[in-house]
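The values are calculated or read from the model by the stated rules, or taken from the named source; none is laboratory data. Quantities reported herein were computed from a predicted structural model and do not represent experimental measurements. Positions of Cβ are generated from backbone atoms using ideal geometry, with glycine treated the same way; all protein chains shown enter the neighbour counts. All accessible areas refer to the heavy atoms of the entire protein, side chains included, with ligands and DNA or RNA removed. Shrake-Rupley method; radii C 1.70, N 1.55, O 1.52, S 1.80 Å.
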Amino acid sequence: MALTLPIYLDHAATTPCDPRVVEAMLPYFTKVYGNPGSRNHRFGWEAEDGVDRARQQVAALLGANEKEIVFTSGATESNNLAIKGAAEMYEKASAGSGQCRGHIITCKIEHKAVLDPCKRLQKEGFEVTYLDPPRDGVITRAMVEAVLRPDTILVSLMWANNEIGTVSEIREIGALCHEREIVFHTDATQWAGKMPTNVERDNIDLLSMSGHKIYGPKGVGALYVRRRKPRVRLVAQVDGGGQERGFRSGTLNVTGIVGLGKACEIAMAEMDHEGERLLRLRKRLEQGIAGGLDHVQINGHADKRLPHITNISFGFVEGESLMMACKDIAMSSGSACTSASLEPSYVLKGLGIGDDLAHSSLRFSLGRWTTEAEVDYTVSKVVESVNRLRGLSPLYDMFKEGIDLTKIEWAHH
Amino acid sequence: MAYGPKIIDHYENPRNVGSFGTQQEIKQRTDVGVGLVGAPECGDVMQLQIKVDQATGKIQDAKFKCFGCGSAIASSSLATEWLKGKTLDEGLAIKNTEIVQELSLPPVKIHCSVLAEDAIKAAIADYKTKNGIPVDDHDHEHAHH
């Protein structure tokens, strides 16, 4: 197959919309344009039918009941609603009482859309424990159990990490939370639609997901909210017309919702086959790069990881210059939300890999239309570029001369 | 962020890459001055070397190595071009703002030019120290902001 440049290997940032999704959405722009809240005419009913079907498609992907799906503008809003909404609902003391309103557990390598709501809650009288991840990035039940308190009201942990792709022990942590009657939220933005999900089997109370990470449109997402055993309640964060059973007011984004539903249906049907294909491609990429270069390290747990994301550190080479060398390949030196800053990834720093290697790391994330030829081109381009940049690197010279780089007194700026 | 054509040119065809010997050899050579600035944890390390014609006192040759982004590589590459044929005082007169202007560095990359100016000053100071020439405080003046 002919290779077309540039190559897109940044599917963890966002994915193209699947043409089948676009096709499903189109009639809802111009023909079925009613407001699903209009209960007394055909235009409203038809729009509502579209939303209902999408709700079933999302619920099916998650192993949930359609009444448990709340549509939002995306995973950031879902996370905000889940975390702030649960904290406010299950608080142990009221605001302004001077007492701790409740204890929340999360982790240092969560997405900012989880960390920042937690920080806000801290300002408002909640206490938050930010778990230090282990070097392999996998959060276990034991790590959560060790920091539980009698006043813990909420645990929020991502299913799979967006920068390194590692997968935490979500089912086990969910079981622990249910034993202790603590609400359990997971940010499944990178996981849902890629890997088998069942909120019953996996003991989840609240689950955030996004449309544009699974070949659906941007600007739409969903929050799963458990309705029984136990029924989870939330304080709404957006007030108004009372849509989505009061959880999230605002006229429904019908086109987006229809697209999200279709994206879920496709993801579910193709998951097994696609997962295997992506895993094969990712291993081809990792083995090609590791086989062609010395001093490279794949970050995060070797096996407990998503099939399509890999994060690789290239010793003695700075990540941004490497991306510039591979300008025909779209990849990322951190998450898209933070790569505008010059700071190295807080996720990699959180794993304890060191600021120097954190500056030397790139994330490759493969997708539905990634081909073997694209992977092979990427391998050869990366190997060639790393070798060229090492030829420019004073650090590589020093290393080869046997100088211990950690013993040099660097002039810090 | 899109890079300007001059940055890309220096990045893709860096001038004067290299070293006048191993770290050990360089330390011994009195005709060579080395400046090593930045830190791996900060994502930028520049090594700039000047070779001085001891008869004329002029910088005969300059070489660099750089661990850093495209702008850092371009800034140090440009610095070696500018240093060749200059006296030490002329070398010390190179300002980071001139590098910014020549390469059209974007605001977030101004620190790369500061680092290059620091590397020039450090290399000249190293040469002077090796040869018993007093180093003015002025030579160490950093263009920090």
Can you pull the accessible area of A:Ser97 for me, 1.4 Å probe, Å² to the nearest 10? 50
With the contact rule set at Cα under 8 Å and sequence spacing of 6 or more, what percent relative contact order holds for segment A:97-238? 18
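Sort out the exposed loop GluC sites (Glu not before Pro) in chain A (DSSP loop, at most 15 other Cβ within 10 Å) and tell me the longest stretch that has none. Mind dumping the intermediate values first?
On the way: sites that count: A:Glu124, A:Glu181, A:Glu200, A:Glu401, A:Glu409.
That gives A:201-400 as the longest site-free run.
Nearest 5 percent is fine: what portion of the DSSP beta bridges confined to the protein assembly as shown is antiparallel?
So the antiparallel bridges amount to about 65 percent of the total.
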Using the Cα centre of the protein assembly as shown as origin and beta-carbon charges of +1 (Lys, Arg) and -1 (Asp, Glu), tell me which of A:Leu206, A:Ile139, A:Gln190 is placed farthest towards the positive end of the dipole. A:Leu206
Could you order A:His273, A:His212, A:His41, A:His103 by accessible surface area, starting with the largest, using a probe radius of 1.4 Å? A:His273, A:His41, A:His212, A:His103
Largest fluctuation, A:Leu395, A:Leu154, A:Leu234 only, Gaussian network model of chain A with Cα springs under 10 angstrom, belongs to A:Leu395
Principal axis dimensions, chain A - Cα atoms, whole angstrom, descending: 77, 57, 36
In Å², nearest 10: area of A:Phe399 left accessible to a 1.4 Å probe: 80
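If you take each beta carbon of peptide B:59-69 and count the beta carbons of other chains within 10 angstrom, what is the mean? Intermediate values should be presented prior to the final figure.
Numbers: counts 0, 0, 0, 0, 0, 2, 8, 7, 16, 9, 10.
Rounded to a whole number, the mean comes out at 5.
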In terms of the charge dipole of chain A, which places +1 on Lys and Arg and -1 on Asp and Glu at the beta carbon, the residue among A:Ile109, A:Ser156, A:Pro307 farthest towards the positive end is A:Ser156
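Take the alpha carbon gyration tensor of segment B:59-102, find the square roots of its eigenvalues, order them as a ≥ b ≥ c, and report rounded if a/c is under 1.5; if not, report prolate when a/b exceeds b/c, else oblate. Show your work: numbers first, answer last.
Working: a/c = 2.68, a/b = 1.40, b/c = 1.92.
Verdict is oblate for segment B:59-102.
Considering only the other residues whose Cβ falls under 10 Å of the Cβ of A:Glu265, what net charge follows from Lys and Arg at +1 and Asp and Glu at -1? Walk me through the numbers on the way to the answer.
Values: positive: A:Arg20, A:Arg53, A:Lys262; negative: A:Glu270.
Within the 10 Å Cβ shell, the charges total +2.
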Prolate/oblate/rounded call for segment A:1-86, Cα gyration tensor, a/c under 1.5 rounded: oblate
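Can you give the mean number of other chain Cβ atoms that lie within 10 Å of the Cβ atoms in peptide A:293-305? Before the final figure, lay out the partial values.
On the way: counts 0, 0, 0, 0, 0, 0, 0, 0, 0, 0, 0, 0, 0.
Across A:293-305, the average partner-chain Cβ count within 10 Å equals 0.
Mind ranking A:Asp376, B:Asp118, B:Asp89 by accessible surface for me, highest first, 1.4 Å probe?
Highest to lowest solvent-accessible surface, that is B:Asp89, A:Asp376, B:Asp118.
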Exceeding the 32 Å Cα-Cα cut-off - candidates A:Lys31/A:Lys112; A:Lys327/B:Lys130; A:Lys262/A:Lys283; B:Lys63/B:Lys109: A:Lys31/A:Lys112; A:Lys327/B:Lys130
Per-residue ellipticity at 222 nm attributable to helices in chain A (runs of n ≥ 4 DSSP H, -39500 (n - 2.57) apiece, nearest 500 deg cm²/dmol) works out to -12000 deg cm²/dmol
Cα-centre dipole for the protein assembly as shown with unit charges at Cβ (Lys and Arg positive, Asp and Glu negative), debye to 20: 1440
What dipole magnitude, in Debye to the nearest 20, does segment A:69-180 give about its Cα centre under +1 on Lys/Arg Cβ and -1 on Asp/Glu Cβ? 180
Under a GNM of chain A (C-alpha, springs under 10 Å), which listed residue has the highest mean-square fluctuation: A:Ala263, A:Ala373, A:Ala358? A:Ala373
Give the relative contact order (percent, whole number) for chain B; include only Cα pairs under 8 Å separated by 6+ residues. 27
Summing Lys, Arg as +1 and Asp, Glu as -1, what charge do residues with Cβ under 9 Å from the Cβ of A:Ile153 carry, A:Ile153 excluded? 0
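Evaluate the relative contact order of chain A (contact order divided by residue number), counting alpha-carbon pairs under 8 angstrom at least 6 apart; express in whole percent. Please report the intermediate quantities before stating the final value.
Values: 791 pairs, mean separation 89.2, N = 413.
Once normalised by length, the contact order is 22 percent.
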Heavy-atom accessible area order for B:Lys128, A:Lys400, largest first, 1.4 Å probe: A:Lys400, B:Lys128
I'd like the trypsin sites (Lys or Arg not before Pro) in segment A:130-233 restricted to DSSP loop residues with at most 15 other Cβ atoms within 10 Å, sorted by number. A:Arg135, A:Arg180, A:Arg201, A:Arg227, A:Arg228, A:Arg231, A:Arg233
What residue among B:Glu41, B:Glu12, B:Glu90 shows peak mean-square fluctuation when chain B is described by a Gaussian network model with Cα springs under 10 Å? B:Glu41
Per residue of B:24-36, other chain Cβ atoms within 10 Å number on average 1
